[in-house]
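Everything on this sheet refers to the single structure shown next.
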Amino acid sequence: MHSRLLSLGLEHDGTIAVPSLAQAQLASWYNKGPTPGERGAAVLVGHVDTKKGAAVFFSLGRLHPGDTVDVTRKDGKVAVFGVDSVERVSKAHFPTQRVYGEVGFAGIRLITCGGDFVVHHYTGNTIVYGHLKSQRKA
């Protein structure tokens with residue numbers, strides 16, 4: 001996975017904004033939360049696929065504890081995150097507090113759709129949880 005990050009906030013209904021399907025090869029950073037590498041859980045979201053095929057987070061569910069994810073920040077630093085866990089959840093039981101809640105360290109949450117595809121939408125999400133291991137210059 002490699003993507004430029006869009007900076008997105010909330011939709012009018014209060015849900016997290018995601019890249020449009022026309023930008024399905026781009027991930028976005030939830031700009032109402034911490035920047036990747038700062039204390040707190042930085043949230044990045046992206047599509048798993050479109051009608052045309054794989055999207056930016058198509059392989060997200062293949063990550064395993066111990067894998068690393070690099071995020072190049074706007075300031076030129078690269079934040080290197082270690083994957084702690086990968087969780088598959090139904091959208092009806094989305095772990096809002098676990099994803100967006102306070103953490104005492106620099107963390108990351110990567111989110112995409114998952115589960116069954118029913119009537120034009122997925123029934124679940126794949127969520128990757130991680131922690132900052134190091135930072136370096138790009």
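The values are calculated or read from the model by the stated rules, or taken from the named source; none is laboratory data. Worth saying up front: this structure is predicted, and the values here are computed from it rather than measured. Ideal geometry is used to build each Cβ from the backbone, glycine not excepted, and the neighbour counts take in all protein chains shown.
List of remarks:
- Among the residues listed as SER85, SER90, the single one being within 18 Å of GLY114 (Cβ to Cβ), hydroxyl-bearing (Ser, Thr, Tyr) and over 15 Å from the mean Cα position of the chain (by Cα): SER90
- Counted residues, the stretch 117-138 - those being under 20 Å from ASP67 (Cβ atoms), in contact (Cβ under 8 Å) with a residue 40 or more places away in the chain and either of a type in the set (Phe, Trp, Tyr) or crowded, with 18+ Cβ neighbours inside 10 Å (or both): 6
- Subset of the stretch 49-59 (residues that are assigned to a loop (DSSP other than H, G, I, E, B) and modelled with pLDDT under 95): LYS51, LYS52
- For the stretch 84-100, a residue qualifies if it is surrounded by fewer than 19 Cβ atoms within 10 Å (Cβ to Cβ) and closer than 22 Å to LEU6 by Cα, and the qualifying residues are THR96, TYR100.
- Cβ pairs under 6 Å, 6+ apart, first in the stretch 35-49 and closer than 14 Å to VAL83 by Cα, second small (Gly, Ala, Ser) and part of a loop (DSSP other than H, G, I, E, B): VAL43/GLY33
- The residue of the stretch 49-71 that is surrounded by the most Cβ atoms within 10 Å (Cβ to Cβ), among those that are within 14 Å of LYS133 (Cα to Cα) and among the β-branched types (Val, Ile, Thr), is VAL71.
- From the list GLY46, GLY114, GLY104, the one residue that fits, being under 25 Å from THR15 (Cα atoms) and loosely packed, with under 13 Cβ neighbours inside 10 Å, is GLY104.
- Contacts under 6 angstrom Cβ, first residue in the stretch 1-17 being on the phi < 0 side of the Ramachandran plot, partner among the aromatic types (Phe, Trp, Tyr), 6 or more apart: LEU5/TRP29; SER7/TRP29; ILE16/TYR30
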